[in-house]
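Below: one structure in structure tokens.
The values are calculated or read from the model by the stated rules, or taken from the named source; none is laboratory data. The structure displayed is predicted, hence computed values, not measured ones. Glycine gets a Cβ as well: all are built from the backbone with ideal geometry, and neighbour counts include every protein chain shown. When the accessible area is computed, the model is the full protein with side chains, heavy atoms only, and any ligands, DNA or RNA have been set aside. Shrake-Rupley method; radii C 1.70, N 1.55, O 1.52, S 1.80 Å.
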Amino acid sequence: MGNNSANTFNIPDPDELKQMGFSQLAELAALIRRRIIQVTSISGGHLASSLGAVELIIALHRAYDLPVDRLVFDVGHQAYAHKLLTPREQDFETLRSFEGISGFTRREESVFDAHDSGHASDSLSIALGLALARDLNQTDERIVALIGDAALSGGLAFEALNQIGQLQTDLTIVLNDNEMSISHNVGALSLHLGKARMSRAYTTLRDTVEGRMASTGRLGRFLVNAGETAKGSFKKLVVPGTFFEDMGIVYIGPIDGHDIETISEALQASKKSKGPVLIHAVTQKGRGYAPAEMQPERFHGVSCYDPRTGRFNGKKSHNPSYTEVFSKALLAEATARDNLVAITAAMGDGTGLTAFSETFPHRFFDVGIAEEHAVALAGGLSLGGKLPVVAIYSSFLQRAYDQLMINVALQDAHVVFCVDRAGVVGEDGTTHHGLFDLAYLRTVPKMRLLAPADAQQLRDALHTALVLDDGPVALRYPRGSVPDQADDATRAATDTDPQLLPVGKAIKLRDGAQASILAVGRMVKTALDAAGLLAEQGIEASVYNMLWVKPLDEEAVAQAALAPLLVTLEEGTVVGGFGSAVLEELARQGSAPATATAQSQPRVLTLGIPDDFVKHGSVEELLRELGLTASQIAERIRDVLQGQGQTD
């Protein structure tokens, strides 16, 4: 076992696994589970999926010579055991914390991490690319991909499977089949794999075939006994594999994904085979922790919790989350609109559509991990006379950019996109921050784009988007609790019937002649706080809740430009985002900074996310790192006004 004094759980190095017996490895699996539970109870994280994949990861590290051989994770939700073995045990308590280790695989973190994971269904493409590079380099490293059954249903995975079968290069795919993604898996492939798990007695006698399989060793004997009866095993083993065999991929399974010896024998068999091999391992999500076994969806991604009881400890805000506000508002709108339908891509719970699905099951469509299909489907539903609402995370919607452009906007289809997790999301980090939606949605012709600042504006924005009778509309809102209402008018309107928002009109919240702050979304509250701090220093700044990013309020921009300094503030990339839109409008009005010569022309300060990726940490820590807290913004504005700061 490892002898690092900081390694209090005494988790072995990868090379030591090869000398350990299977009973020792089973004890190691239990030890790793205890460590995962201990740390995630404090840090939060993807618990159930990581618990379910422990034996698979131990067996993979035992069978392969990592990192010379390459192990590619899909999504990376299940990689915690991998982190503990490679070795990051001494840093594991920093999981998902600011400046700590990521909740996903990251190449900068370890040579054992083959790629930066975070989005589903890409592992097979990455693994095939590594295998082809190996072939071109004439080297002999082995490539293996670990993919879940939900991720395998994604279109990108099917595209990769097609070429893997065609090219016939050596590649091992381990299918971790736990029947679960974030929400229950849906679709024909899930049903196909379900039949592999659940098929009963095959009526035709197959004793001769099974006898031959049994004679090949322990793995063969296990495969024969894997069915519910000896007669059922042939169908259970052969019929489900025909899908992959027809694609030119050798199929082994289904096997017990918690039996390290069986997994190891399957991996050894795949290493002796030429061409691609798929090992179908059935696992239990949340394995070894009763609360997660009983409620795997609830324990998919967790905040801090009591490991003894499974009860979550996080402090509940007195304000609802943006997602909760959206969920309640959509239900009310759907009650009044028979043609309203809702679409999610395997994120019914996360996007707040569970209540809708329970109330209107025939008007709810979960397409699985297939964002491109979700958006194209919405276009078709709109053309068929329905009013589709696509609820989706910002970072996942960017996967469907072409469908936004061609299947919705080009068709002038009235589809409403409710873009959750916009802006900085926190501990999930780089692949999950919603930093680019303002930029890429702005480029879509006919798209209208709103960024509501509080609960009532979110209700009003949804209502307005549904009432508009043509073309696409998107509203984006962040993760977390809504702030108190931005002004007295909206505060008084809380929980009242939603109102129509005038298209392309901003709301001026505060007067001030020395600077103008134009803000959108969650940054409106920050702008007001910054203006308050400036006022204490004798600097009066006006604040605009711009609300509409497209179409932009031209009159508000012109009025704001009368101040010596114009500041744009957004929780998105400054490259092509809201600030860029304001600069474009200023240029159109003849007030761009590059052409400004008169003293009356404003200087422009664009504040937002720089042209880079943002790491993980709490939202508060990340906003501070990015210079987007109220005090930092106030200081930046003061310095520019006093000639001590730059506007670029």
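May I ask you to say which residue of A413, A451, A455, A400 is farther than 17 Å from V375 by Cβ and out of contact with any strand residue (DSSP E or B) (no Cβ under 7 Å at 6 or more places or on another chain)?
Working: A413 fails: farther than 17 Å from V375 by Cβ; A451 fails: out of contact with any strand residue (DSSP E or B) (no Cβ under 7 Å at 6 or more places or on another chain); A400 fails: farther than 17 Å from V375 by Cβ.
Checking each option against the conditions leaves just A455.
Here's another thing I want to ask about it. Can you tell me which residue is most open to solvent (accessible area, probe 1.4 Å) among those in region 269-297 that are in a strand (DSSP E or B) and in contact with a Gly (Cβ under 8 Å, 6 or more places away or on another chain)? If you could, list the steps in order and put the result at the bottom.
Of all residues in region 269-297, those in a strand (DSSP E or B) come to 276-282.
Applying the additional criterion that residues be in contact with a Gly (Cβ under 8 Å, 6 or more places away or on another chain) yields 276, 278-282.
Values: P276: 1, L278: 0, I279: 3, H280: 0, A281: 0, V282: 43 Å².
So the residue we want is V282.
Output the number of residues of region 396-432 satisfying the condition of being free of Cβ contacts under 8 Å to residues at least 60 places away in the same chain, within 25 Å of S481 (Cβ to Cβ) and more than 13 Å from the chain's Cα centre (by Cα).
Result for region 396-432: 2.
Follow-up question, since we're still on this one. Of the residues that make up region 140-158, is at least one surrounded by fewer than 24 Cβ atoms within 10 Å (Cβ to Cβ), farther than 21 Å from L56 by Cβ and in contact (Cβ under 8 Å) with a residue 40 or more places away in the chain?
Yes: one or more hits.
Yes/no matrix, rows are residues, columns are (1) within 20 Å of Q284 (Cβ to Cβ); (2) out of contact with any strand residue (DSSP E or B) (no Cβ under 8 Å at 6 or more places or on another chain); (3) at pLDDT 90 or above:
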| site | (1), (2), (3) |
| --- | --- |
| S123 | no, no, yes |
| G129 | no, yes, yes |
| A188 | no, yes, no |
| R212 | no, yes, no |
| G217 | no, yes, no |
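Residues being crowded, with 21+ Cβ neighbours inside 10 Å, over 21 Å from G572 (Cα atoms) and in contact with a Pro (Cβ under 9 Å, 6 or more places away or on another chain): count how many of those fall in region 507-529.
Selection size over region 507-529: 1.
Take G532 and decide whether it is more than 24 Å from V473 (Cα to Cα) and not aliphatic (A, V, I, L, M).
On the way: more than 24 Å from V473 (Cα to Cα): yes; not aliphatic (A, V, I, L, M): yes.
Yes; evaluated as a whole, the condition is true for this residue.
Tally time: how many residues in region 320-358 are over 30 Å from S121 (Cα atoms), open to solvent by 10 Å² or more (accessible area, probe 1.4 Å) and touching a Gly at 6+ places or on another chain (Cβ under 9 Å)?
2
Answer yes or no as to whether V557 is modelled with pLDDT of 95 or more and over 31 Å from the mean Cα position of the chain (by Cα).
On the way: modelled with pLDDT of 95 or more: yes; over 31 Å from the mean Cα position of the chain (by Cα): yes.
In short, yes.
Here is a further query. So is L441 surrounded by 24 or more Cβ atoms within 10 Å (Cβ to Cβ), of a type outside the set (D, E) and closer than 30 Å to E621 by Cα or not?
Values: surrounded by 24 or more Cβ atoms within 10 Å (Cβ to Cβ): yes; of a type outside the set (D, E): yes; closer than 30 Å to E621 by Cα: yes.
Here the answer is yes, as L441 does meet what is asked.
Would you be able to say whether some residue in region 80-92 is among the basic types (K, R), assigned to a loop (DSSP other than H, G, I, E, B) and within 28 Å of S153 (Cα to Cα)? So that I can check it myself, show each step before the final result.
First pass over region 80-92, keeping only residues among the basic types (K, R): 83, 88.
Retained after the next criterion (residues that are assigned to a loop (DSSP other than H, G, I, E, B)): 88.
Right, trim to within 28 Å of S153 (Cα to Cα) and you get none.
The answer is no, given that none of the residues of region 80-92 is among the basic types (K, R), assigned to a loop (DSSP other than H, G, I, E, B) and within 28 Å of S153 (Cα to Cα).
So which of S102, S125 ends up being outside any strand (DSSP E or B), out of contact with any Gly (no Cβ under 9 Å at 6 or more places or on another chain) and touching a residue at least 12 places away in the same chain (Cβ under 8 Å)? Spell out the reasoning first.
Numbers: S102 fails: out of contact with any Gly (no Cβ under 9 Å at 6 or more places or on another chain).
Every option except S125 fails the conditions.
Which pairs turn up if I take residues in region 356-368 that are closer than 14 Å to P388 by Cα and look for partners that are assigned to a strand (DSSP E or B) and open to solvent by less than 30 Å² (accessible area, probe 1.4 Å) with beta carbon separation below 6 Å, at least 6 apart in sequence or on another chain?
F356/A342; R363/V341; F364/A342; F365/I343; D366/T344
Only one residue in G100, G129 is open to solvent by 10 Å² or more (accessible area, probe 1.4 Å) and out of contact with any helix residue (DSSP H, G or I) (no Cβ under 9 Å at 6 or more places or on another chain). Which one?
On the way: G100 fails: out of contact with any helix residue (DSSP H, G or I) (no Cβ under 9 Å at 6 or more places or on another chain).
Result: G129 is the single residue among G100, G129 that is open to solvent by 10 Å² or more (accessible area, probe 1.4 Å) and out of contact with any helix residue (DSSP H, G or I) (no Cβ under 9 Å at 6 or more places or on another chain).
Out of region 388-417, which residues are in contact with a Lys or Arg (Cβ under 8 Å, 6 or more places away or on another chain) and either open to solvent by less than 10 Å² (accessible area, probe 1.4 Å) or among the hydroxyl-bearing types (S, T, Y) (or both)? Steps first, answer last, please.
Taking region 388-417 as the starting set, the residues that turn out to be in contact with a Lys or Arg (Cβ under 8 Å, 6 or more places away or on another chain) are 393-395, 409, 412.
Selection gives Y393, S394, S395, A409.
Only residues that are in a loop (DSSP other than H, G, I, E, B), out of contact with any His (no Cβ under 9 Å at 6 or more places or on another chain) and open to solvent by less than 10 Å² (accessible area, probe 1.4 Å): list them for region 21-73, please.
Correct list: G44, Y64.
Still on this model: Among the residues of region 559-579, count how many are in a helix (DSSP H, G or I) and crowded, with 20+ Cβ neighbours inside 10 Å.
So the answer is 3.
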